[in-house]
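Just so it is clear, none of the values below were taken in a lab; they were calculated from the coordinates. As the structure is a computational prediction, the values presented were derived from the model and not from experiment. Glycine also receives a Cβ, built like all others from the backbone with ideal geometry; neighbour counts cover every protein chain displayed.
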Protein chains: 2
Amino acid sequence: MANRVITITRQYGSGGREVGQKLADALGVEFYDNKLLEVAAGNSGIHKSHFEENDEKRSNSFLYLLSTTYGQGGVPFDDALFFAQLEAIRKIASEESCVIMGRCADYALRDFSKVLNVFVSAPFDIRVKRAIEVYDIAEKHAADYVKRIDKQRTSYYNYYTDKRWGQPQNYQICVDSSALGIDGTVAMLKQFTDEFYK
Amino acid sequence: MANRVITITRQYGSGGREVGQKLADALGVEFYDNKLLEVAAGNSGIHKSHFEENDEKRSNSFLYLLSTTYGQGGVPFDDALFFAQLEAIRKIASEESCVIMGRCADYALRDFSKVLNVFVSAPFDIRVKRAIEVYDIAEKHAADYVKRIDKQRTSYYNYYTDKRWGQPQNYQICVDSSALGIDGTVAMLKQFTDEFYK
């Protein structure tokens, strides 16, 4: 049987990470979130802390760009980190069934024959509430924070891929996690995955 | 029990209409596609042919705009048609469970307490194939035709609503109908609807 590979792109505060973790559990496959950074670090020889610092965001300081050392292949360090992640994603997906969170995984696997790409969203006010309750963001900053992370992820995705973040045509399914709740969404996606890979 | 109201927005050639019809059948509720225009005509007293001529597209000829007579409420005739449709959609949704195709129904019902908004897409090449096979569009014009209808619907939606057509945040679920096929998509949406309105 071919590997069952699911990528999950999520709006900040949508509960997409929890959906991904529970979906991986329900499918009995590995869940790659921060663990992906470990694989990328292991493969590339670049220390894991660099991947963590630059996780799904672009360095937007001009001085930083000027000061970075150039990595392998004569590319800026930022790009070297991105390419190392792409390679890690492709390696993982060719070796095992898995759920991969974010990191342009849908783009990394665009030439793979069968990948299930999922986008998880939720209404803005629900995401702000989740930022406060789950991620402990101060209430007065929460709305701005959610917007900023959305912008970071969008900018990162649009910079590194030839697609636009969060457009339905990039995904087999986009779902508002508040419609059925986290567990209802997981159950629906589990069944969708089973049908998709039947 | 509250009415179960499902709006379906679809990319041209995605099979969204067939999905909508079959979903209505599976749920045992009325299906409003062209029939919506009849209701709008009946309510407004404007002849049905005008709704058909302007269905989900804007008159983009400046001369046409200049020459149109003004309808009820002193608004351009185009807008009178649109507002008559909005009213028809609200009337239908407050009276019965139903599936409504296109016509900015998600926008028309934005103040209703519980509406399930669905977006149906499919990859471009599959939509072109469907245009040729199902809608009998000449092969050499099919790709351009699909693009043009997409543009028409996008322009119509963006003009009349305060949202952007085809953005995941407008819908509880967006689905690529080629992932599970038409019948698989209908079965999934049937279950989603049952869970959503449980």
List the distances, in nm to one decimal, from the label point of A:Pro76 to the label points of the same position in every other copy, shortest first, placing each label point 7 Å from Cα along the Cα-to-Cβ direction. 4.4
From the label point of A:Glu56, set 7 Å from Cα along Cα→Cβ, how far away are the matching label points in the other copies, in nm, ordered shortest to longest? 3.3
Scan chain B for the residue whose Cβ is closest to the axis carrying it onto chain A, then write down that distance in whole angstrom. B:Cys174, 2
With label points set 7 Å from each Cα along the Cα-to-Cβ direction at A:Glu52 and A:Gln167, the distance between them in nm comes to 3.5 nm
List the pair-distance distribution P(r) of the protein assembly as shown, using every Cα-Cα distance, as the percent of pairs falling in each 10 Å bin from 0 up to the bin containing the longest distance, rounded to whole percents. 5, 20, 29, 24, 14, 6, 2, 0
Roughly how crowded by other chains is peptide A:169-180, in terms of the mean Cβ count from those chains within 10 Å of each of its Cβ atoms? 6
222 nm [θ] for chain A, helices only, -39500 (n - 2.57) per DSSP H run of 4+, per residue, to 500? -17500 deg cm²/dmol
From fewest to most C-beta neighbours within 10 Å, the residues B:Met101, A:Met188 line up as A:Met188, B:Met101
Looking at chain A, identify the longest residue range that excludes and avoids all chymotrypsin sites (Phe, Trp or Tyr not before Pro) in DSSP loops having at most 16 other Cβ atoms within 10 Å. A:1-111
In order over the range B:90-103: 3J(HN,Hα) from phi, Karplus 6.51/-1.76/1.60, θ = phi - 60°, whole Hz, x for each Gly or Pro, gives 5, 5, 4, 5, 7, 9, 7, 6, 6, 10, 10, 8, x, 6
Assuming a strict under-16 Å limit between Cα atoms, what lysine pair count do you get for the range B:5-196 once near-sequence pairs (fewer than 8 apart, same chain) are dropped? 11
Sort by residue number and name the cysteines in chain A that have no neighbouring cysteine Cβ under 4.7 Å. A:Cys98, A:Cys104
Sorted from shortest, what are the nm distances separating the label point of B:Arg90 from equivalent points in the other copies, each placed 7 Å from Cα along Cα to C-beta? 5.5
Bin by bin, in steps of 10 Å, what percent of the Cα pairs in the range A:5-196 do you find, going until the bin that has the longest distance? 9, 35, 37, 17, 2
